[in-house]
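The structure appears right after this line, and notes come after that.
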Amino acid sequence: QSMRSKAFPLLLLACAALAPAIAGAFNFRFLRDTVLQQLTPEDIQIGSRATRVALDSGEHGEWSNPATGASGTIRILATVDVDDRRGCRRTRLAVNAGGQTGSGTYLLCKVRSGEWNFYTPRPGATLTPSQADPGAPANAT
């Protein structure tokens, strides 16, 4: 798998599970009191599932956990080809939990296993509108 790819599930949600351990082990105080620390494992599961559905369908999505009040949105901004990847999704992810909000725009590409991975294009790469259907994983690992 390319060094440029980062494993799915949802980076923001995965980081949430690690934030307390990272903050304690490495004294990353900037992670304290962030939206990531507010998410529960159930929030992460619900958010990850909704994100996969949105990425697979190409439709915007949202999620919420009534038990915790956490929620999020998934906005598919564009389906693009970049480098040797076809049918990648430029995506805006937002998470609300514990009265805090975090968001970011990411490029996710589907790999042969069917998972969506975060992808960082090569320097100077051009994102072009895609005709590919990312529902069928045709991208390189």
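Numbers for the structure displayed
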| quantity | calculated |
| --- | --- |
| Residue count for the stretch 100-129, restricted to those that are in contact with a Ser or Thr (Cβ under 9 Å, 6 or more places away or on another chain) and among the polar types (S, T, N, Q) | 6 |
| Qualifying residues in the stretch 108-123 (those that are open to solvent by 20 Å² or more (accessible area, probe 1.4 Å) and free of Cβ contacts under 8 Å to residues at least 60 places away in the same chain) - the one nearest to residue 48 (Cα to Cα) | 114 |
| For residue 126: the one exception among (1) surrounded by 12 or more Cβ atoms within 10 Å (Cβ to Cβ); (2) over 12 Å from the mean Cα position of the chain (by Cα); (3) modelled with pLDDT of 90 or more | (1) |
| Hits in the stretch 74-102 (condition: within 20 Å of residue 44 (Cβ to Cβ), polar (S, T, N, Q) and open to solvent by less than 60 Å² (accessible area, probe 1.4 Å)) | 91, 96, 100 |
| Sole exception among (1) over 27 Å from residue 34 (Cβ atoms); (2) open to solvent by less than 30 Å² (accessible area, probe 1.4 Å); (3) not hydrophobic (A, V, I, L, M, F, W, C) for residue 65, by number | (1) |
| Elements of type strands (runs of 3 or more DSSP E) in the stretch 41-141, at least 3 residues being basic (Lys, Arg) and out of contact with any Gly (no Cβ under 7 Å at 6 or more places or on another chain) | 85-97 |
| Single residue of 31, 93, 18, 36 found to be within 27 Å of residue 130 (Cα to Cα) and modelled with pLDDT under 95 | 93 |
| So residue 105, is it open to solvent by 30 Å² or more (accessible area, probe 1.4 Å) and in contact with a helix residue (DSSP H, G or I) (Cβ under 8 Å, 6 or more places away or on another chain) | no |
| Only one of 69, 61 that is at positive phi and touching a strand residue (DSSP E or B) at 6+ places or on another chain (Cβ under 9 Å) | 69 |
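The values are calculated or read from the model by the stated rules, or taken from the named source; none is laboratory data. This one's a predicted model, so the numbers in the text were calculated from it and none came from an experiment. Cβ coordinates were reconstructed from backbone atoms using ideal geometry, including for glycine residues, and neighbour counts include every protein chain displayed. SASA here: full protein model, heavy atoms, side chains in, ligands and nucleic acids out. Shrake-Rupley method; radii C 1.70, N 1.55, O 1.52, S 1.80 Å.
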